[in-house]
Every structure is written in structure tokens, then in C-alpha cells.
Amino acid sequence: MRSVCVRLVALCVILALAPWAGSVTVFGAPKGDLFTAAQRNQPTTLDPAIGSDAPSTKYLIAAYEPLVRNRFGTLDERHLEGVLATSWDISSDGLRYTFHLRPGVKFHDGSQLDAESVKVSIERMKTINLGNAYVLSAVQEVNAVSPLTVQITLSEPYAPFIQALTLVYIVSSTAVKEHQVNGDLAQGWFRDHEAGSGPYRLDSWQLGQQMQLSAFPDYWRGWSGNHAKTLILRLVAEPATQRLLVQSGEVDWADSITTDDIIALRQDKAVREQRSPGLAVFYLMMNTKKPPLADVRVRQALVAAFPYDQMLKGVLHGLMSPANGYLAPGFPEHDHGAPAQFDLARARQLLGDAGYSKGGFTLTLVYFNPLDYESLGSQLFADQLQNLGITLKLQGLPWASLLQRKSDPDIAQEPDLVFYNVTPGFGSPDSILYPTFYSKSTHWGHFNYANPKVDAMLDQARRTLNASQRTALYVQIQRQLRADTPGIPLMLWDIVNVYSARVTHADVASTSAFVIDYYTIQLGQ
Amino acid sequence: MSSDTRVRSLDVAVPQQRRRRLPRALRRLLRDRIGTLAGVTTVVIFLIGLMAPVLAPYGPYTPSPSARLQPPSASHWFGTDELGRDLFSRVLYGARISLEVAVITVTLAVVLGCAVGVVGGYLGGGVDQLLMRLTDVFLAFPALLLAMAFAAALGPSIVNAALALGLVYWPGYARLMRGQVLSIREHLYVEAAQACGISTPRLLLRHILPNAFDPVGVRATMTGGYAILMGASLSFIGLGAQPPAPEWGLMVAVARLYLLNAWWYPTLVGAAVFITILAITMFGDAVQDATDPKLAQQG
Amino acid sequence: MRFLAYLAMRIGWLIAVMLGVVTLTFLITNVVPADPARLAAGLEAQQAQVDTMRHLMGLDQPLPVQYWNYLVRLLHGDLGLDARSQRPVVTQLAEYFPATFELVIVTMTLYILLGVIGGVAAAVERGSWVDKGAQLLSLGGLAMPPFWVAIVFQVVFFAQLHWLPATGRLSAVLAPPPHITGLYLVDSLVAGQWGTWCDAAVHIMLPAVTLLVGSVANVLRITRRAMLQVFAQPYVATARAKGLSERIVIWRHCLRNSAIPILTMIGLQAGYLFSGAIIIEIVFSWPGLGKYAVDSIANLDFPPIMGVTLIVAAAFVLINLLIDLAYPLVDPRIVY
């Protein structure tokens, strides 16, 4: 028996050591101009007309380009940059947008950028009508006036349109025509392939593992200077593993490192931190139609009962900033009102005014499960509400269930509070305020709030072409929201990007700091 | 080594001999020192669960954000968690929740499984075949996948997770009971009872079930152990206990985010899970060894 | 002839069970009170877009109609479309299946080897430290939460020792071997890519060992118990009395006679392996069915959930069928 056991152990040792010795020990720090990113999720589709979530955006920004985009670091629309468009004019009635296209731009499939490709891209996105297509809902027709001039006509004025175009990626019309099957506008092909004009071409996509992209030699900006030439976007679902990978240098950028790890990594010279002020606000949205939260005094009491300092300084180590109102202060249209304060006495007083001086009711709070901030914040809140005699029941739900619970036809089944964050899609306050607070919005961010005055102002802002008048309207809207208190703005999602020390420079997208403009990456040694 | 080949006759599940078998099995169990230790540990954990509110130095829910993730110290034996709560107290309360899960799961699995098994085994024929196919369908599901699907459908909570696990484990009991019933129903005393004109439900409940029950008891301890482990896995995925519940699985799931900063946090909670399940399974094993009539014994 | 009749009956049973699995999964996924159309249409979608999606997914039909449509499509090998990516579920499953299959096969080989031999050793040396040690080790593995073991292994073998990689099936810079089976270990051997084979083997080590830790216990314990029961039989004494060497007695006679419960347990464990694989795939970012299943359940994406369940249940049922059919090979007294 002993000899059998010994032989077994020997076999196991050989089985373990042999491949290890024989393997090219490739894991370890990559060299040269390869940039590796660790991401928590992968895109579900590569189609630029459909992909609208964070994982898709991180990929689309490499392979595709829009007509215009926000200049790095600012949302001000006066600083919009032309990407595929060199200049543009807007008619005085706000209905006609004329774009002059950049000459000499090539798509990855070899075809040239022309007005036809813009027309096909926009019409395709509008017809497929998924993802971000809602920004094109006002588009009436698109005309190729000349090979490098495109005119878009709207059916009604939509002032944020120019900013919204940052979400519309231009695809090669040749590719659409070539791979069209049964009138599907090449959706089948675009799901797994790409035909963009962006700096990087998709080389391979191993589902569930990684995407590999390489520099497009004919990219119109050229490749002089220090750029990453190959990108590997790896799927690594565990935050702890992401941290290990970026510490060892095996990965250059990790997107889901927890706040505690970020603090711990500050001691590590092999890792760099880059903090960008956030534009997404974390809200605890309240069910304004369900008693007792239907009473605005109760809602205001809850606003005063949230322990902001405990959350931001205690748990998050100051890595997030306090929110101020329903719009992030990074927007030029911010109303600069007074931020909320934690004041239990005031909360008690407000509850007393509403008839609940001893509390005595139970609220349910629902949040999206994996995000630790939301879980921690909710627990801290529950503890404070105990002091007011209010019981807070928590439930973390998968995303689909959360959406369903929120919009249950039976209001008794709906939760009282929902914890989420809304990230602006583009640089106008319309991208946050309209979907979240317009009474008829079907966007997932909307939760029962309805105020006809706000509706009217939102609609009017969309039609107001004069920037300063529009800003005045948005300020009024924000003030009204503060008075109505549909939710508790908690904190700004300041994005902290963690890089390996090799990365000497990387610009983040202005509206979504978790997206890096890969072209701007510079790698040292 | 010499093997003692004294042959033991197969114990027949006749009522009188059962009473004699028990003390003999108990003696065998006590001779197995490790098994006894495991048994004692299991009982201790059970008691801890029951008496957690008395034993715990702090409440399990009071956060103290200024004292987060502290290492073990005199005032906090296991340190503190991500919101500054005392980990030792939370682990004690966690025993309570694990106990709940084990009890709910095992009860549901045993009741449902035995009902199906006894009915199928006794009635035989088409009913038996149908019930056995139903059992096969449930058995064909991987346990975690089935539990996940049920928990997602019912809504994430620790009770729903326990119920979902009960729905996962009942087929084992159905098969077990059916096997037992099949061998028992041919016995003379059953025929005698039937000759007396006893009604079928009474026959099943009073005569067949008690005699068939032995292996179920042993298996129940194992199922309890697995239920705790699976409950932890469900919490890991997010379909089980919800914060701020001090459920062990949920705590390990959250603690893994802090593994590199506060290694004692997931280690100590993981150790609690580990010791509990180890004790339960070793105890179950020892009991099975002690009551299995087919094992040779040493002197 | 009787064997063929038995085989036919078992295949009929297999189909009946699979039908039951399909029905049960369908019922569970439709009890869920969530709207996958909204999710599939995208976070920014307006109501019209959601309705379009609902119609595309066929969710506006009554339940029995949906069930019938599903069965009909199933017979044509169409498992529907993954709601989020609009890719056929069959394609997705084909992409993810090999990774899980490779992991399960490697782990199975290991736990059969270690479990059986360890169990025999424990039974032969009953009461000694070998016995107690083997039982303790294997039970210990069973008792540890798999996700905890996985993370600890990563921290120890990757972060501290830098011996083994943390995630994935292959190093990021290596291209996968030409696709034949989808199993990297097989494909790289066939293509003669020794470097890739070594890399794939090194990557599968941690996930396989983590999965092994939890599953070897049952095989070991069943082997031990079965062997002990066999040792008590009179024919063992007879064999020894005949002068046969201990080795032949143990391996040729005792193991053969205890093979049936061992084989049964191996078959059952294959099902439990998938449960463990779900957790391991998440922690090690192993691109298999487990992770796909968890993501789909979180998104209440019905077609993939049903697809994964079907594949896994089918695999489990098939394995057990094969094992049942193997019984006569082991025990000539069993005749079908």
C-alpha cells in the first residue's frame, strides 16, 4: 500500500511541476507598448448602435468615433471638439444641423468617411431603436448635401442635440451594405465585428475572456509620439483579483478596485491613482406616491437623517465627494445651492410636524446588489433611522429584479426607497434630469415623481436655444427639485482609476470617467 | 494486519431488535474519539446559536465607522468588520442564522422527501414510477443552479434560500425512504398489521415510518452541514441573506473584498464555517460508522 | 437482446427526465416577477423600445403558448436568443461549454485517482494515522467554503509566491490553440504547441485543485466504507487463505467488489462538481457555463438559463446512464 501511495504522490508532483517548468512564464509584467486592462464585465454586443452600458462604452471608444465630443475635462458645450466633423452650423430655429466632415478619414475596412456613412449610421441607429437611440427621436431626416457635408433636420428643436451626438458612433456604410441580411441592417454582423474609424481595430474577441485590439495604421490622427499599440481588455470579475493583478503589473488598469484597496495601494509604488470628479450622483430615491413618504415633510426628515459624514469620511475615506443637489457640481448649469446636513434634531422635528413624532413605521430599501457603497450606506442609514423609531428593511436585488420591483403596478409592493446612481450619457443636464424627473419618463431612473411645473420647464429647456436662458431654466428646475425632495442626493461618484506605474498619462472621457481614451495613453518603462 | 472476520448478520428492521441496537451503536460511537469530539462540538455550536444574545459581548448591528477593520484585540476578540461592528458577536449570531437555515432546509427536505418516498415505496406501480421520475428530474439539476433559480424566483432572503435548498435536497430522502420501505413492507409484521385491518395512513405513519427512519437521521446531519455551506454560496452570489444580517456566508462574501487589508476578517469567519461543517460531517460520519451493521468491528 | 431492451428503456427514461427538467426550469423562470424585455432593451430605453424587445422575445404570448413554442424550437435545436446580446444561445453555450467541461474532466480524473487510492489506503490501514489523516484532510476540504479556498489559493500562490497565475485559461498574450474540441489541453497537444499546453495546464491548476478540495472527500469516504464492508466478507478470508498476495486481494477482488457504490458516487459527484464550478469560475474568471449561468440569473435572461440547465442536466444524466450501463462490466451478477 505504501508504495502505491508514494507513486501516487510522485505522479501528482510531476503533473504539477512539469507544465510549470515548461510553460513560458508569460504572466508577469508586460512590456513595450501593450496596454492591458482588467474589467469587471464584458460588453454583450459590439454594435455601436445598441451598446449603451459601461462595458460597451469602454470598448466602443477605441474602435469608433462620433461626430463631436466633449473636450477632455469639461462639459461646457462651447468647448465641444469636432472628431469626425471639423465644423458645424446650427440654424437659428434650431431645426437644421449642418456638419462639415473631416476629409481623408478611413474606416478599418478601407472605405472613406463621407456624408453617406453619417446618414446610414444615424438612420440605422434610429431604425434599430435600442440603446441610446432615444437621443435621435427628434431627427426627421438626414441629407448628404455633398460628399463631405451632412445636414440633419429635426422635427422640433432639441437644444441638447449637439451634446447628445457624442453618443452616436459613425460606422462604415460599406460594411452595413455588405453584411446586410434580410433587412437586419447588418445587426448580425455588427454584433461580433466592427467597422469603425477609431484608433484601434478589433483583432479578436474570446468570449468571456478578453478582447484584443491593435493600432489602426491609417488612423487620421497618426501615431507619432508615445502611444499604446496593442490593447488587451481582460475580463476579471473579482475586485480582489483585479487588485492583485495591477499590483503585480500584469495589468495596467483595473476598473473595480474597492475604496479600501485604493487606500491600501497608496503605499505601493508600483501603482498610480488618478481621481476624476464625478458626474454621477448616488441617490436614495423615495417613493413620492406611497405613504408615509408621500408627505414631503417625512422626506425632508429622511434627508436630515442620513449620516453623510459617517459615510463619506468614515467608510469611504474621503474618496467620494458630498453631493449638492440633484445635479453634479461639475455641470456648468449647477444651481450652487446649499448641500444637505445631517441633523437628527431637525429630522425629529419634521417627523413631528408630519404626525410621526415617534416614528413607528417600516420602510423597505432596495439596492443593486454587488456594489458595496450602496450596501454600506444603507446599513448606516438603517442605524440612524432606528433613533427616530423608523425600521428600515434592506434588500439587495439583481438588476432585473430591482427594475421590476420599482415599477410594480401594485404600489403596496413597491419599495419605499431605491438606491442607485445615474450617470449622464452626455454633457447636458437634460441627460440626467429628463430621464429621472420627467413624469412620463420610462427610463429606469425614474421613480414615481411627477410635478407638472418641472415637466413644463424640462420641455421648455429642450427647446431653448439660447445657452444662458437654458441655464436659468435648469437652475429653476434644480431649485424646484430641492423643494420637492424626491430623493436624497448622497454623494458624487468620483472615479478613481488605478494604474500600474508604467502608465504615465491617460485621459478619461469627460462624462464617464471610468472610460479611458486609449489613444491618449502614454507608457513609460 | 488481521481482520476480524466475525460475520455479522444483516440487522433486520424488526421493532424489538431496534431497541437493543441503539446502546451498542452508542458504545461504538463513544469509542471513536474523534467522532465523539465532533459530536460534542456540534452540540456546542448548536447551543451557541441558541444562546447568542446572552453570550455575545456586543450587539451585531451597531456600526461604528471610526473603528473599521480593526485587528483582533482585547476589546474585540475577532476585530471589527467594514462598518466597525464587533466580529466575534456577529459570528456568534451567525451560528444562530446557520442553525435556522439548517433546520428549515432539513425539515423541508425530510418531510417532503419522506412523504414522497414512503408513498411511492408502499403504493408501488404507476404512482411509484411517476414519483421516482419526479425525483430524477430534481436530481438532474445541479444543486446550486436549482437553488439559485428558486432563490431568484422567490426573492433573495435567508428564509427563501433555506426553502430553496430544501427543494434541492428532498430527492435524496425520497430515494432513501423508498428503498427502506421497499424492504420493510415485505416483512411479516406489516402483513400482520394489514390483516388486522389497519388503515393505510396509520400503517404508514405508525409502523413503517418509524422503522424506516434510521438512516434518515444520519443523513439529516449531513444535509444540515451541506445546507450551511450552500447557504453561504447563495449569499456569495447575492441570493441569500441580506445585509446587515450576520450570516456567515454573507460575511465571508463581503469579507473577501477586504482579504488583502484585513486578512483576519474572512479567515476567522471562514474558520467558523469550516469548524461547524467539519464537526457536523465528522459527527455524521461517525454515527454512520457506528450504526452500519455491515462494518467489521475490532474486538 | 435484453440489454438492448434495457438500453432502450433507459433512453426513454432519459428523455422523460429531460422533458421534466425543461418543464421545471420553464416554470421556475416564468414565476419570476421581472421583465427581461426591459433589461434587454437597455438601460436608457423608452417604453416603445421595451415593447419592441418584448415582442422580439415572444414574451407577449400566453404562458402555455410560450412553452409549446419553446418545445418545438428545442426539437429543431434552437435554444432561443440570449436577450442581452441577441446571440443564439446555442452559440453562446458552445463558446462557454468547453471551458467548464475541461475543468470538470480534469477535476474528475484527479478525484477518481486520489479518492479511490486514498480511500483504499484508508481502509487498508484502518485506524492508523493514514486513515485518520486521509479522512480529516478530505473532510476538511469538503467543509471549507469554496470561494474562500479559491481566494486564499490566489493570494498564496499568485500574490505571495508568484508561482501560478490568478485568472483565465491562458496567458493574455498567447493565442488559443486552433479550435478542435475547445479543450485547450487537447487542442494544443494535437497542434503540437507544447508551450501553449504548458501554459494552459498551469492556468487550470488552481481552479482544478480548488474544485478538487471539495469533491475528493466523498469519493474517498465511499471507497473507504465500501472497502471496509467488503473486508468483512468471508471470501476475503478465503482469498487470503488461498495464499493470494495482499495486493491482488485488495485491488483485484476487494476493489472490484466495492466498485458499484464507488462508481455511483463518482456519477453523483459529477453533478456536484458543476455547483462548485460556478463559484470557482467566478473567482478565477474562468470563462465557462457557471459564470454565464450566474450572469443570466442575475439578469433574469430566460433562454440562457434554460440552455445551461438543459446542458448540465443532460450531461449529468448521461454520465449516470453510462455508469449504470457499466455495472455489468464490474459485477457479472448484474444482468440487464
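Read-outs: derived from the displayed coordinates by stated rules, not from any lab. Just so it is clear, the structure is predicted and the values come from calculations on it, not from any experiment. Positions of Cβ are generated from backbone atoms using ideal geometry, with glycine treated the same way; all protein chains shown enter the neighbour counts.
List of remarks:
- With Cα atoms, 0 to 90° folded angle of helix C:63-75 axis to chain C main axis: 60
- Prolate/oblate/rounded call for region A:67-195, Cα gyration tensor, a/c under 1.5 rounded: prolate
- Whether chain A is rounded, prolate or oblate, judged on the alpha carbon gyration tensor where a/c under 1.5 counts as rounded: oblate
- Among B:133-143, A:153-163, the order from most to least packed when residues are scored by Cβ within 10 Å on average: B:133-143, A:153-163
- Result for chain C in a Gaussian network model with C-alpha springs under 10 Å: among C:315, C:150, C:172, the largest mean-square fluctuation is at C:172.
- Packing-based order for C:199-209, A:67-77, using average beta carbon neighbours within 10 Å, highest first: C:199-209, A:67-77
- C:55, A:100, A:336 arranged by Cβ crowding within 10 Å, fewest neighbours leading: A:336, C:55, A:100
- Ordering of B:189-200, A:311-322 by packing [mean C-beta count within 10 Å, highest first]: A:311-322, B:189-200
- Other protein chain Cβ atoms within 10 Å, averaged over every residue that makes up C:221-233: 3
- Per-residue 3J(HN,Hα) values for region C:189-201, derived from phi via the Karplus relation 6.51 cos²θ - 1.76 cosθ + 1.60 with θ = phi - 60°, read 5, 4, 7, x, 8, 5, x, 5, 4, 4, 5, 5, 5 Hz in sequence order (x marks Gly and Pro).
- Kyte-Doolittle mean at least -0.5 and Cα axial length at least 30 Å: DSSP H helices in chain B: B:33-55, B:87-123, B:158-184, B:214-237, B:264-291
- Chain A, relative contact order [Cα under 8 Å, separation at least 6], %: 19
- Counting other Cβ atoms within 10 Å as a rough exposure proxy, the listed residues A:197, A:439 run A:439, A:197 from fewest neighbours to most.
- Peptide C:299-311 has a mean of 2 when you count, residue by residue, the C-beta atoms of other protein chains within 10 Å of its C-beta.
- Against chain C, whose longest principal axis is taken from its Cα atoms, helix C:2-31 shows a tilt of about 40°.
- Amide H contacts for residue A:271 (H built 1.01 Å from N in the peptide plane; partners 5 or more residues away or on another chain; cut-off under 5 Å): A:501.
- In terms of other Cβ atoms within 10 Å, A:399, C:286, C:251, A:253 run from fewest to most in the order C:251, A:399, A:253, C:286.
- Within 10 Å of the Cβ of each residue in C:14-24, the mean number of Cβ atoms contributed by other protein chains is 4.
- For region A:98-105, 3J(HN,Hα) per residue [Karplus equation, 6.51 cos²θ - 1.76 cosθ + 1.60, θ = phi - 60°, Hz, x = Gly/Pro]: 10, 10, 9, 8, 6, x, x, 8
- Helical segments meeting 18 Å axial Cα length and Kyte-Doolittle -1.0 threshold in chain A (DSSP H): A:2-22, A:115-128, A:372-387, A:467-484
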